[in-house]
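Undergrad: I'd like to ask you about the structure that follows.
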Amino acid sequence: MHKCLSLILINTFSIDKRKEEFGVIFLLVFAMFFFKPTINAQSTITSDNGDNTFTNPLINLDFPDPDIIRVGDDYYMASSTFTTFPGVPIAHSKDLVNWEIIGYTYDSLPSIRSYHIEEGKAMYRWGSWAPCIRYNKGKFYVFFNVEFDGFYIASSTKPEGPYTIKKLGQTLYDPSVLFDEDGRIYACYGSNTIMIAEFDTNLNKLITEPTPVFVGNCGTNFEGSHIYKRDGWYYICNTARGYNGMQLCMRSKNIYGPYESRVISTDDMNYADAGLHQGGFIDTKEGETFFFMFQDRDYVGRVPVLQPVIWKDGFPYIGSKQGRALTTVKKPNIPIVGKSIENNFVGSDEFNDEKLALKWHWNHLPDNSKWSLTKKKGYLAITASHSPNFMYAQNSLMQRIVGGGSVATTRMDLSDLQVNDVAGLAVANLPYAGISIQQNVGSQTLLMFENGETVEKAPIQNVKEIYLQIEATPEGTAKFSYSFEGKKYIPLGKEFIMEFTVKTFLGNRLAMFCYNTGVAKTGTAYFDWFHLNINQPIGSHVNAFKPISVCNYDSENGAFEYRYILKRPMQFMDQVRNNNWLGFNNIHFDEAATSFQIKAIPLEGGIIELHEDSVDGKLLGTCKIDGMAGADYTTYQCQLSIKKGKHAIYLVFKGGYGSLFKLDSFSFSPQRL
């Protein structure tokens, strides 16, 4: 089906599966011929701008602690999953930009029963993290540590698995493994004190005592090791400072040292006070080097980032020659043959297959006897287990929330709910919130809940079906609503502030769930479909007629971003000076525009010049920013003429020697207004 087709059907028609097949086919054909895709009609994401560039984040969702290897012409990435299952996804790419999940390292961790959320116990925050993926002599290996359990080694001849797993009888914190050229195998691991130890050739045990090779003195945990050998040098990459992290690299001719170290990045790209960190480098077959890391993006989670590398004095420095991390980057020079890869990390689902799509994962281990894709054809069935609240509910099925905003909707069949069943759609994390329907004796109650407490309820008569919706806003809040016919949605409860906390170490998820708060017989909730509409699905492509943050640029000269509220995504730009500029490569005008408006606070005051295609390109208009400095933003406007289509727009700032103004966001207005 065409990418935009399912969303056209979501937003235009309410299709019940009981409708005649002919009618559905007619709508599909009508949509294919009369509707064209737009940047806002997507249910998946990509950082690929389609012009030989990509825009960071590489994947704008929670995919933390990435580790990447190259095997021939193919690239593979592993990521942390903590207490979600299946665990440690393996993603595949041909160009380091477009990725797809191809499998998972394990389905379960049987050693600790609490991963099942039994008897009101849960393992939030723990599980596996910071995996290392490697390839050696025809086998793929994934190494990971599980808190309170030990160090695991998974191996397979296929990157997608299945993997054979064995456990080492000790803990190796943030492990990285090196298969050296002489056949020896080393583990590099530790927090603050980085250790090297040697494995036996069968990876059954460590055969040497750990040797300290570096002690961090950054004032925070020195961790996240990635070890490599390149041109006869051993390299260990580490991170420090946590949230506002920095990336370090050290090298030595001897694996046991001594090591010389460098800080190779302290930059936060275009997201203030959240430094890029915890990664390593990858050499392409074509001779380029890129550095992969993640960035803490608050409610979204820890998102992968890819930066070009400039080698200097034997160290891999990140980003531009000036040491700035780049938002939009030229794609790696990798020739692609065959079908391109489509990102499958999130998306809509009609639940027509008998196997769950790889974008889905469970909160803790599921009870496989209480969910099904075949119990009722075309539906996800979740049978309730007993739980006091959503936090301890078994079989909550999740997918990641994406950055930039989205709307998730599901249609539920309620005909098999039993008394005290609670089923619905939630923002899953700690804290959490959701919208649900509770089955009572002879009636039902719609609930908006937050952290186990009811915020608002709406009693209703028994209904057999309902539509539930969550809007995740670009500002990091969630809004909840419901509908009885799938057209008009009624808000319920309050706006919920989504957070990232160390209680889970996960970004927020969207979750479908069903649990029972009583002790008697439980029923089943049937989810007909899950539809996702993403605000900014393609790299840096944005709608000209909606607000565009000035911090959402592709390129810049002299940009300084600041947060309105610490660890919230809203930003503004300050210290804007003469001849600074911002470039926006992919602004879409669905029709001609005749005016430009920007929210600003004048300081010294000045002029914003709008140029097309480059800093010194065609002058489209000038917007004067003047008046008295104050605490509130004023909208300034100017006239211009821009034709329908996609345009690169540059904002060039002119004025005196001081700070000219603060800037928030801008947009354009169409000719008809």
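Undergrad: With θ set to phi - 60°, apply the Karplus curve 6.51 cos²θ - 1.76 cosθ + 1.60 along region 436-450 and write out the HN-Hα couplings as whole Hz, x wherever there is a Gly or Pro.
TA: Running phi through 6.51 cos²θ - 1.76 cosθ + 1.60 with θ = phi - 60° gives 8, 10, 10, 8, 10, 7, x, 7, 9, 9, 7, 10, 10, 10, 9 Hz.
Undergrad: To continue, here is another question. Would you list which aspartates and glutamates come within 14 Å of K330, measuring only between C-alpha atoms, while excluding same-chain residues fewer than 8 positions from it?
TA: Straight-distance partners of K330: D48, D51, D95, E288, D554.
Undergrad: Apply 1/(1 + (r/R0)^6) to the Cβ-Cβ distance of Q418 and Y657, taking R0 = 56 Å, and write down the FRET efficiency to the nearest 0.05.
TA: With a Förster radius of 56 Å, E is 0.20.
Undergrad: Okay, helix-only estimate at 222 nm for the chain: each DSSP H run of n ≥ 4 adds -39500 (n - 2.57), divide by all residues, round to 500 deg cm²/dmol; what do you get?
TA: Taking each H run of at least 4 residues, the total per residue is -1000 deg cm²/dmol.
Undergrad: If you don't mind, there's one more thing I want to ask. With an 8 Å cut-off on Cα pairs and a minimum separation of 6 or more residues, tell me the relative contact order of the chain in percent.
TA: That works out to 12 percent.
Undergrad: Also, I was wondering about something else. Magnitude of the Cβ-charge dipole of region 403-457, K/R +1 and D/E -1, about the Cα centre, nearest 20 debye?
TA: For region 403-457, the charge dipole is close to 100 debye.
Undergrad: Within region 356-372, whose backbone N sits under 15 Å from a point 7 Å along Cα→Cβ of E160?
TA: 356-360
Undergrad: For region 453-531, what does the equivalent ellipsoid look like in terms of its semi-axes, each the square root of 5 times an eigenvalue of the Cα gyration tensor, given largest first in whole Å?
TA: So the three semi-axes of region 453-531 are 24, 19, 14 Å.
Undergrad: Please list, by residue number, every one of the GluC sites (Glu not before Pro) in region 221-309 that is coil in DSSP and has at most 14 other beta-carbon atoms within 10 Å.
TA: E286
Undergrad: Which ³J(HN,Hα) values in Hz, rounded to whole numbers, follow from the phi angles of region 119-136 under the Karplus curve 6.51 cos²θ - 1.76 cosθ + 1.60, where θ = phi - 60° and Gly and Pro get x?
TA: After applying 6.51 cos²θ - 1.76 cosθ + 1.60, I find 6, x, 10, 9, 10, 3, 5, 9, x, 9, 8, 6, x, 10, 10, 9, 9, 7 Hz.
Undergrad: Tell me, what is the FRET efficiency for K624 and Y564 to the nearest 0.05, using R0 = 25 angstrom and their Cβ-Cβ distance as r?
TA: E(calc), rounded to 0.05, equals 0.50.
Undergrad: Another question, if that's okay. Which of the chymotrypsin sites (Phe, Trp or Tyr not before Pro) found in region 65-158 are loop residues per DSSP with 13 or fewer other Cβ atoms within 10 Å of their Cβ?
TA: Passing both the DSSP loop test and the Cβ count: F148.
Undergrad: Taking only protein heavy atoms and a 1.4 Å probe, what accessible area per residue, in Å², does region 596-652 have with all protein chains in place?
TA: 53 Å²
Undergrad: Please give the length that would be gained between T193 and K139 if that part of the chain were fully extended, namely 0.36 nm times their separation in residues minus their C-alpha to C-alpha distance (nm, one decimal).
TA: Stretched out fully, the T193 to K139 stretch lengthens by 16.4 nm.
Undergrad: Would you work out what percent of the accessible area of the chain, with all protein chains in place, is carbon or sulfur (probe 1.4 Å)?
TA: The computed percentage sits at 51.
Undergrad: Over what distance in Å are the Cα centres of region 299-366 and region 608-623 separated?
TA: Centre-to-centre (Cα) distance: 33 Å.
Undergrad: Can you list the lysines whose alpha carbon sits under 28 Å from that of K654, skipping same-chain ones fewer than 8 residues off?
TA: Reachable lysines: K321, K546, K599, K618, K624, K643, K644, K646, K662.
Undergrad: Could you name the lysines whose alpha carbon sits less than 23 Å from that of K253, not counting residues in the same chain fewer than 8 places away?
TA: K229, K312
Undergrad: Which entries in the list K94/K339; K94/K137; K121/K494; K94/K166 go over 19 Å, if you measure between the two C-alpha atoms of each?
TA: K94/K137; K121/K494; K94/K166
Undergrad: How large is the accessible surface per residue of region 66-206, computed with a 1.4 Å probe and reported in Å² as a whole number?
TA: 36 Å²
Undergrad: Using a basic spin-label model with each label point 7 Å from the Cα along Cα→Cβ, how many nm lie between E354 and T284?
TA: Placing both labels 7 Å beyond Cα along the Cβ direction yields 4.2 nm.
Undergrad: Based on the Cβ-Cβ distance from N217 to D273, what FRET efficiency comes out when R0 is 30 Å, to the nearest 0.05?
TA: 0.85
Undergrad: Take T635 and K494, extend 7 Å from each Cα along the Cα→Cβ direction, and tell me the distance between the two endpoints in nm.
TA: So the two model labels end up 2.8 nm from each other.
Undergrad: Roughly what would the spin-label model give for E100 and W311, points 7 Å off Cα along C-beta, in nm?
TA: Distance between label points: 3.3 nm.
Undergrad: Which order do the peptides 272-284, 623-635 come out in when sorted by mean C-beta neighbours inside 10 angstrom, highest first?
TA: 272-284, 623-635
Undergrad: Give me the number: length gained by fully extending E342 to K503, i.e. 0.36 nm times residue separation minus the C-alpha to C-alpha distance, one decimal in nm.
TA: 54.7 nm
Undergrad: In percent, how large is the relative contact order of region 520-640, given Cα pairs closer than 8 Å and 6 or more residues apart?
TA: 20 percent
The values are calculated or read from the model by the stated rules, or taken from the named source; none is laboratory data. All values reported here derive from a predicted model rather than from experimental measurement. Using ideal geometry, Cβ is built from the backbone for each residue, glycine included, and neighbour counts are taken over all protein chains shown. Accessible surface areas use protein heavy atoms only, side chains included; no ligands, DNA or RNA. Shrake-Rupley method; radii C 1.70, N 1.55, O 1.52, S 1.80 Å.
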